[in-house]
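Asks: Attaching a single structure in structure tokens format; questions to follow.
Readers should treat all values here as calculations from the given coordinates under stated rules, not as data from a laboratory. Please read these numbers as outputs of a predicted model, since none were measured by experiment. Note that each Cβ is placed from the backbone with ideal geometry, even for glycine, and that neighbours are counted across all protein chains shown.
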Amino acid sequence: ETVTVFAAASLKTAMDGIAPLFEEATGHELSVSLAGSSVLARQIQQGAPADVYLSANTEWMDVLEEDGLLAEGSRVDLLSNTLVLVAPAPAEPVEIGPDADLAGMLGEGRLAMAMVASVPAGIYGKAALESLGLWDDVAPQVAQADNVRAALALVALGEAPLGVVYGTDAHAEPRVGVVGTFPEDSHAPITYPVARIAGQEGAGIDAFLQFLQGPEAAEVFEGQGFVRLGG
Amino acid sequence: MGWLSPEAWQAVALSLRVALWATLVSLPFGIFIAFALARWRFPGRGLLNGLVHLPLILPPVVTGYLLLLTLGTRAPVGGFLQDIGVVFAFRWTGAALAAGIMAFPLMVRAIRLSIEAVDVKLEQAAGTLGAPRGMVFLTVTLPLILPGIVAGAVLAFAKAMGEFGATITFVSNIPGQTQTLPSAIYAFLQVPGAEGEVAKLVLVSVVIALAALALAEWVGRAVAARVAGR
Amino acid sequence: MGWLSPEAWQAVALSLRVALWATLVSLPFGIFIAFALARWRFPGRGLLNGLVHLPLILPPVVTGYLLLLTLGTRAPVGGFLQDIGVVFAFRWTGAALAAGIMAFPLMVRAIRLSIEAVDVKLEQAAGTLGAPRGMVFLTVTLPLILPGIVAGAVLAFAKAMGEFGATITFVSNIPGQTQTLPSAIYAFLQVPGAEGEVAKLVLVSVVIALAALALAEWVGRAVAARVAGR
Amino acid sequence: MSLEVALKHRLGDFRLEAEFAAPEGVTVLFGRSGSGKTSVVNAVAGLLRPEAGRVSVGARVLQDSSRGLWLPPHRRRLGYVFQEARLFPHLTVGQNLRFGRWFAPRGAVLPDEGRVIEMLGIGALLKRRPGQLSGGERQRVAIGRALLAGPELLLADEPLAALDEARKAEILPYFERLRDEAMVPVLYVTHSPAEVARLATTVVVMEDGRVRVAGPAAEVMSDPHVMPLGSAEAGAVLVARVVAHHADGLSELEAGGHALWVPRVAAAPGTELRLRIRAQDVMLALGRPEGISALNVLPCTVSEVRRGEGPGAMVQLQAPGGRILSRITGRSAEALGLVPGLRVHAVLKAVSVARDSVGGRGEAGHAKGAGDAAPRSPSGRG
Amino acid sequence: MSLEVALKHRLGDFRLEAEFAAPEGVTVLFGRSGSGKTSVVNAVAGLLRPEAGRVSVGARVLQDSSRGLWLPPHRRRLGYVFQEARLFPHLTVGQNLRFGRWFAPRGAVLPDEGRVIEMLGIGALLKRRPGQLSGGERQRVAIGRALLAGPELLLADEPLAALDEARKAEILPYFERLRDEAMVPVLYVTHSPAEVARLATTVVVMEDGRVRVAGPAAEVMSDPHVMPLGSAEAGAVLVARVVAHHADGLSELEAGGHALWVPRVAAAPGTELRLRIRAQDVMLALGRPEGISALNVLPCTVSEVRRGEGPGAMVQLQAPGGRILSRITGRSAEALGLVPGLRVHAVLKAVSVARDSVGGRGEAGHAKGAGDAAPRSPSGRG
Ligand SMILES: Nc1ncnc2c1ncn2[C@@H]1O[C@H](COP(=O)(O)OP(=O)(O)OP(=O)(O)O)[C@@H](O)[C@H]1O
Ligand SMILES: Nc1ncnc2c1ncn2[C@@H]1O[C@H](COP(=O)(O)OP(=O)(O)OP(=O)(O)O)[C@@H](O)[C@H]1O
Ligand code: MOO
Ligand SMILES: [Mg+2]
Ligand SMILES: [Mg+2]
């Protein structure tokens, strides 16, 4: 049996790690379609053959839930992530708080973020900066990328002296260093929910949902810098 | 084979299939519409022209969404098509459709330019020799616009090989089914430090497209030389 | 004005500026390269042809990334340009550059097709009348390929209006500076329930592009009629 | 099959308003550059759709605006030799030649390919493309293409203009045979009076989009009011009958009871021919001249003497077999005392009966001719 | 300025290997379709780059492959009337006409625009585009475009082929004036013997890519070995001097002490002219004929009698003022007992001195002429 998973593109590395483990452990096959969470959600709305949806934010999962497209009771908050400030490596750590002189650190440079109004990493980032009272200082200098990996790339290439990305991204990119982690309470919790799509049934799907919450998957996720929730 | 993962080879094969089909299937339509736009005056001509160009104007993602909204399995048209056994959504056929639509304006433009350059007097001469309209088209117009058709086809093929936004939005990114080379590249771009993989895939895609381009140049030159009588 | 947010209007204005500049500035280069590809045989011709088509073949994000790698402020070329006062990164000029590069293959193809359709015998006739090469080009070739130039320009303009992937990767999305219409549309697409906003922006972009298209049709027809002597 | 044409059309400032009817045979459109000849041919071909008009060939009505009838070109069974060759650049010469055959209706009478190719001297070119031909070669292929389509109506717009005299002499007989044997009606545009004289059954003289004169070739060509218009070669057409062929290469003809000698013509004794006599080639003598090289001396009566403004005079003569013209100087006309009614001798040198003026029709354009009358001895003039 | 051409080139199976030198004046390329005329002209224009060759005009070497010298077309100061008009479709007729002027070097002698336009009768077309012209109109504009560029070397490839006789008669004198007054060397392709006779200083006869004969016009045209080749109009050129103009519209000329009468020529008394006498227009008589309409009777001596295979004979005569040819029947030659040395009378009708055979050069192609000798009375033949 093949299980088709629609997963947020930022989970590519993790899914690549999990797939062979899952297949070996259960004998089922895994097919992972990676794209933006919003794209995937809309596709599910249009009848995409997804068995499982793994979103990078709660909003689109909520939308599907309201549409009744999720199998009842299957939704689980699977992972959590941190939000960090990165600079080209080696980075000098700084305490991220209301007193941080972000503007000074930027100088003429840009602050790389994902789109602050639409892409989750950007939304969280903007909220965090606002809650720390730093947003207005840096707003004119924010360069918004279409996804968080692109923001990361800007920093990795040295085009931007600073960037706001997920902890997992910073973890995986050797060319950047973490300047500091945003306080957990400066933004809404960063949650990756997973759910089964209504009407899709099978042993493989159940096995996969279970496997995701199991220890082998946890090892992969944590190796990436994710925080396991619930399970 | 070890050089690329099996999944990547799958994406290469799929992309080739998608681009070839997209090009070949859209070609007759492209020729017909180019001809209509170049030669006929009819109500709705401007509209048709706009429609053809739409995929160029809109961000690809929007085109993808529009396709999803009309041809998705839950959409009226898509549902109807599904009932008669034609499914695009989340199939490689859908990828071909998206690529074909994205490439369509390029193809139509090239062919239309060629048609506009054809000397109507030659078609008239064929008419006086007894050739009915359709035969005039087949025996005179078509051979004369061959360079434009080749150019249009190669543009379309290249675009179809590179098309990403509309495709991933319409048919998603399912390995072996809808994951084309650009989608695979996109996925790898999500992985920090996977530049090596990205470069490999880009190289494959460039090599394929350049080969197509060289072939087209060669065909185009042969055709042009024939017509110029060299 | 209340119909769209001020930010959206900014994006509209910026997109127009970007597309116009991208088209106008790339036009001379497009004409030159189309001419070179159509008429000259030189070593590296195939390479040049491939290079021109590259943006069509590659996923736009890759093109954007390559631009970043070569023309970013930290990149050698970009750094040099910055020293002499030319900055693309995070500027609207960079957006125009990205759009121009993405549109370049379309423009070159259209113009090249026109050049290939020009009867060399007319250029020869101009030569016998004393016109040196450059003047032959200006007085004979250029007017005869005007339809192709118009077609190439409108394709380029439309593509530049719709280009998104390369632009946002290269210059990201800074409202008022690099946020083009497609970036704005993309942003709204990420948000559930913003379909209304998306539709409005799409409408604006379609209207602009169709206007450009209609203008081009009109110019193209006038030019063609002049040449056909109707 | 008769050809009837009535057209009204406007092209920019130019108004075409042409109307003529011609009996079967070759109808020549004659007239100055820009007078509307090509426009008429295009209308007959269906390439120019006139604002109003009617065209019919025999019983076949090709178009009639009053009845809203209009046959598209491909249903008119045409062969059209365009003023500019219009060959298909992407096809070889051979394919160009055969193009019309692909679309000829079953049962159409198609001329022999090899014979046409040989006549046109294009056998060596069949594999080439039009871009690799000389101007005259292109024109010959265009003629071949039209002929080989097996048309029921042949349109030819200055088909021989780009060819040398020798080549013309090889092709003209083919048009004659078409006229006489295949009975294909031909609409032919030319600026050459020699071609008019040789081919025309009917001549239509165009001027400024209108028909100035139309009528049987002999009449139009011997009308002194028409000819100064376009040509230095006014002339008349005499009808003669072949009597015998002699061993020294001459043929003996008879016109109105008088003998005429011309270089051998390829027509059987008894055949009626028309001979073209250019006004310029007719000398007048009061008495019958002796000891001269001219073999043909005809007794005539002066019927009209027209003095021009210049030094010339045109004398119309009643000769045995028809009316002829003689162009002499006014001075001679006075010296000889030419007045209507005077009996004179018209001196025509045998060789001045121009070779290409020997046509194959008995009574110009009105009776059915018999066979190819063109003399085929290429060095017959040496 | 003399024109020297030596070319070797291969086009497919066709080998061009042409070499000739011509003195100043008009050099006519004459030869059958496909013999290589256009190729030679293209090479002189620099449009065909021959594998080997040399072209020079006077002291100006345009190309010389042995020295690796090759001037591009735009530096050759040409006017080229192409076989197919090649007008610029995007420019109006007026702009086409002025095209060459935009690039003429400062100080170039440019002909008067109005005069050329009037001569060509294209004044009404200036605002149109080439697509709106008739075939002959296009050709006339092409001629105008080449002339108005003020070229130092004029190339004309069958420039008058598409035109009616009257229009030709209006344009030919312009080429003559170019030859005689402006001293522009002209390389001219034509199939028309009348144009050869009128314009040619030198005739180059091409055959299969080679030069068969090249030489002064009078010699080549009166060479009975050359002329059967291309033309029914063999003929000779006589040199004559204008004596007086008479009130009845005739001009009196003198050749070798004998009077000749022709329709008024526009040349001052004393001017030397060349007269074209077609072999066909010369009748022979043993005694001096009386009471005939021909004004011109010249005493001659038979120098050669050539019988062809056919019924004709060509008689070469020593006439006052030069050598002329007479074409008669073999039967007449026998009847008159023509043998070399016999004294006969050549009868030429005044009007048979063809109007367009009156050229402006004294000794054909070798002395400097004087003025426009073309008679301009349009109805002078009536
Ligand atoms: N590209 C080519 N390839 C092969 N043969 C060619 C090519 N171009 C011309 N020819 C041949 O070269 C010969 C000379 O051509 P050219 O045009 O010089 O003839 P021409 O004397 O001007 O004839 P015309 O009187 O018909 O115009 C012709 O036999 C023609 O078939
Ligand atoms: N599109 C047009 N617009 C305006 N006038 C035109 C157009 N086409 C042709 N004419 C005019 O119509 C007239 C007739 O043209 P047509 O081609 O019938 O002449 P023609 O008798 O064939 O002349 P030629 O002997 O020069 O070929 C010409 O005076 C020409 O200028
Ligand atoms: O035109 Mo795009 O930006 O191919 O996806
Ligand atoms: Mg015409
Ligand atoms: Mg030629």
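Asks: Non-local amide H neighbours of D:L153 (under 5 Å, H modeled in plane, Pro and chain starts lacking H): which ones?
Replies: D:G79
Asks: For the protein assembly as shown, what does -39500 (n - 2.57) per DSSP helix run (n ≥ 4), summed and divided by total residues, give at 222 nm, in deg cm²/dmol to the nearest 500? Don't skip to the end; give the middle numbers.
Replies: On the way: 50 runs with 591 residues, N = 1455.
Result for the protein assembly as shown: -12500 deg cm²/dmol, rounded to the nearest 500.
Asks: Another one. To check you understand DSSP bridge types, tell me what percent of the beta bridges within the range E:3-221 (both residues inside) are antiparallel, rounded to 5. Could you put the intermediate results ahead of the total?
Replies: Numbers: 27 of 45 bridges.
Close to 60 percent.
Asks: Out of all DSSP beta bridges with both ends in the protein assembly as shown, state the antiparallel percent to the nearest 5. Let's see the in-between values first.
Replies: Working: 158 of 210 bridges.
Antiparallel bridges: around 75 percent, rounded to the nearest 5.
Asks: Using a/c under 1.5 as the rounded threshold, could you call the range B:6-229 rounded, prolate or oblate? The axes a ≥ b ≥ c are square roots of the C-alpha gyration tensor eigenvalues, and prolate needs a/b larger than b/c, oblate otherwise. Write down the numbers at each step before the final one.
Replies: Values: a/c = 2.57, a/b = 1.55, b/c = 1.67.
Oblate shape, in that a/c is at least 1.5 and b/c is the bigger or equal ratio.
Asks: Here's a follow-up. At C:K121, with labels set 7 Å past Cα in the Cβ direction, how many nm apart are the copies from this one, shortest first?
Replies: Counterpart label points of C:K121 in the remaining copies fall at 0.9 nm.
Asks: Further question: Can you give the Rg to Rh ratio for the protein assembly as shown, taking only C-alpha atoms and Rh from Kirkwood?
Replies: Values: Rg = 42.6 Å, Rh = 37.3 Å.
Here Rg/Rh amounts to 1.14.
Asks: Taking a temperature of 10 °C and a viscosity of 1.306 mPa s, what whole-number D in µm²/s does Stokes-Einstein yield for the range B:61-140 with Rh from Kirkwood over alpha carbon pairs? Intermediate results must be reported in sequence, preceding the final value.
Replies: Numbers: Rh = 15.6 Å.
Diffusion coefficient, whole number: 102 µm²/s.
Asks: List E:D112, D:D208 from most exposed to least, where exposure is judged by having the fewest other Cβ atoms within 10 Å.
Replies: Numbers: E:D112 10, D:D208 14.
Final ranking by Cβ density, sparse to dense: E:D112, D:D208.
Asks: Express the relative contact order of chain B as a whole percentage, based on alpha carbon pairs under 8 Å and six or more residues apart in sequence.
Replies: Values: 283 pairs, mean separation 68.5, N = 230.
Once divided by the residue count of chain B, the mean separation gives 30 percent.
Asks: Taking amide H positions as placed 1.01 Å from N in the peptide plane, with prolines and chain starts having none, which residues 5 or more places from D:V243, or on another chain, fall under 5 Å of its amide H?
Replies: Excluding prolines and chain starts, which carry no amide H, the hits are D:E252, D:L253, D:E254, D:G270.
Asks: Taking neighbour counts of Cβ atoms within 10 Å as a proxy for exposure, in what order, fewest first, do E:S192, E:S35, B:S172, D:S303 appear? Intermediate values should be presented prior to the final figure.
Replies: Details: E:S192 21, E:S35 26, B:S172 29, D:S303 14.
Sorted ascending by nearby Cβ count, the order is D:S303, E:S192, E:S35, B:S172.
Asks: With no solvent and one equal point scatterer per Cα, compute the Debye intensity ratio I(q)/I(0) for the range B:88-176 at 0.21, 0.24, 0.26 Å⁻¹ and report its log10, rounded to two decimals.
Replies: -0.89, -1.03, -1.12
Asks: Tell me the Kirkwood hydrodynamic radius of the range D:3-221 in angstroms, computed as one over the mean inverse distance between distinct C-alpha pairs.
Replies: Working: mean 1/r = 0.0569 Å⁻¹.
In the range D:3-221 this quantity evaluates to 17.6 Å.
Asks: Okay, moving on. If you add up the charges near E:E254, with Lys and Arg at +1 and Asp and Glu at -1, over every other residue whose beta carbon is less than 12 angstrom from its beta carbon, what do you get? Could you put the intermediate results ahead of the total?
Replies: On the way: positive: E:R241; negative: E:E252, E:E272.
Computed value for this residue: -1.
Asks: Could you work out the relative contact order of chain D, using alpha carbon pairs under 8 angstrom and six or more residues apart, expressed as a whole percent? Walk me through the numbers before you get to the answer.
Replies: Details: 870 pairs, mean separation 63.4, N = 382.
About 17 percent, as a whole number.
Asks: Moving to a separate point now. Could you list, in their original order, any pairs among D:K37/E:K127; B:K121/E:K37; B:K121/E:K127; B:K121/B:K159 whose Cα atoms are separated by more than 30 Å?
Replies: Working: D:K37/E:K127 22 Å; B:K121/E:K37 28 Å; B:K121/E:K127 23 Å; B:K121/B:K159 35 Å.
Checking Cα-Cα distances, B:K121/B:K159 exceed 30 Å.
Asks: I would also like to ask the following. How many nanometers, to one decimal and shortest first, lie between the label point of B:E7 and those of its other copies, if labels sit 7 Å from Cα toward Cβ?
Replies: Ordered by distance, the counterparts are at 3.5 nm.
Asks: Further question: Sort E:V141, D:V116 by Cβ crowding within 10 Å, fewest neighbours at the top. Spell out each step's value before the answer.
Replies: Details: E:V141 24, D:V116 20.
Lowest count first: D:V116, E:V141.
Asks: Relative to the longest principal Cα axis of chain B, at what angle does helix B:146-162 sit, 0 to 90 degrees, rounded to 10?
Replies: Tilt relative to chain B: about 10 degrees.
Asks: Angle, helix A:203-212 long axis vs. longest principal axis of chain A, Cα atoms, 0 to 90°, nearest 10?
Replies: Roughly 30 degrees between the two axes.
Asks: What Kirkwood radius, in Å to one decimal, follows from the Cα pairs of chain E? Each step should come with its number before you reach the end.
Replies: Numbers: mean 1/r = 0.0455 Å⁻¹.
With all distinct Cα pairs of chain E included, I get 22.0 Å.
Asks: Mind checking the range A:1-89 for GluC sites (Glu not before Pro) that DSSP puts in a loop (not H, G, I, E or B) and that have at most 16 other Cβ atoms within 10 Å?
Replies: On the way: sites: A:E1, A:E23, A:E24, A:E29, A:E59, A:E65, A:E66, A:E72; in loops: A:E1, A:E72.
Those that pass, being in a loop and sparsely packed, are A:E1, A:E72.
Asks: If I fit a long axis through the Cα atoms of helix C:60-71 and take the longest principal axis of the Cα atoms of chain C, what angle between them do I get, 0 to 90°, rounded to 10?
Replies: Helix C:60-71 and the main axis of chain C meet at about 80 degrees.
Asks: Scan around A:L79 for amide H atoms under 5 Å from its own, H built in the peptide plane at 1.01 Å from N, and keep only partners 5 or more places away or cross-chain.
Replies: It is A:Y192, A:L229, by chain and number.
Asks: In chain E, what percentage of the DSSP-assigned beta bridges are antiparallel, given to the nearest 5?
Replies: Details: 68 of 86 bridges.
Among the beta bridges of chain E, antiparallel pairing accounts for roughly 80 percent.
Asks: Placing one identical point scatterer on every Cα of the range C:143-230 and ignoring solvent, what is log10 I(q)/I(0) from the Debye formula at q = 0.13, 0.17, 0.24, 0.25 Å⁻¹?
Replies: -0.55, -0.77, -1.12, -1.17
Asks: If you filter the range D:1-109 for trypsin sites (Lys or Arg not before Pro), then keep DSSP loop positions with at most 12 other Cβ within 10 Å, what is left? Can you show the working numbers first?
Replies: Working: sites: D:K8, D:R10, D:R15, D:R32, D:K37, D:R54, D:R60, D:R67, D:R75, D:R76, D:R77, D:R86, D:R98, D:R101, D:R106; in loops: D:R32, D:R76, D:R77, D:R86, D:R106.
Passing both the DSSP loop test and the Cβ count: D:R106.
Asks: Please give me the summed charge of the neighbours of D:L120: other residues whose Cβ is under 12 Å from its Cβ, Lys and Arg +1, Asp and Glu -1. Mind showing how you got there, number by number?
Replies: Values: positive: D:R115, D:R138, D:R140, D:R145, D:R167, D:K168; negative: D:E113, D:E118, D:E137, D:E170.
Counting the neighbours of D:L120, the net charge comes to +2.
Asks: So what is the diffusion coefficient of chain A in µm² per second by Stokes-Einstein at 20 °C and 1.002 mPa s, using a Kirkwood Rh over Cα pairs? Before the final figure, lay out the partial values.
Replies: On the way: Rh = 18.2 Å.
D = 118 µm²/s.
Asks: OK, next. How shielded is C:138-149 by partner chains, expressed as the average number of their Cβ atoms within 10 Å of its Cβ atoms? All intermediate terms of the calculation are to be shown ahead of the outcome.
Replies: Numbers: counts 0, 7, 5, 0, 1, 4, 4, 2, 1, 4, 4, 0.
Other-chain Cβ atoms within 10 Å of each residue's Cβ, averaged: 3.
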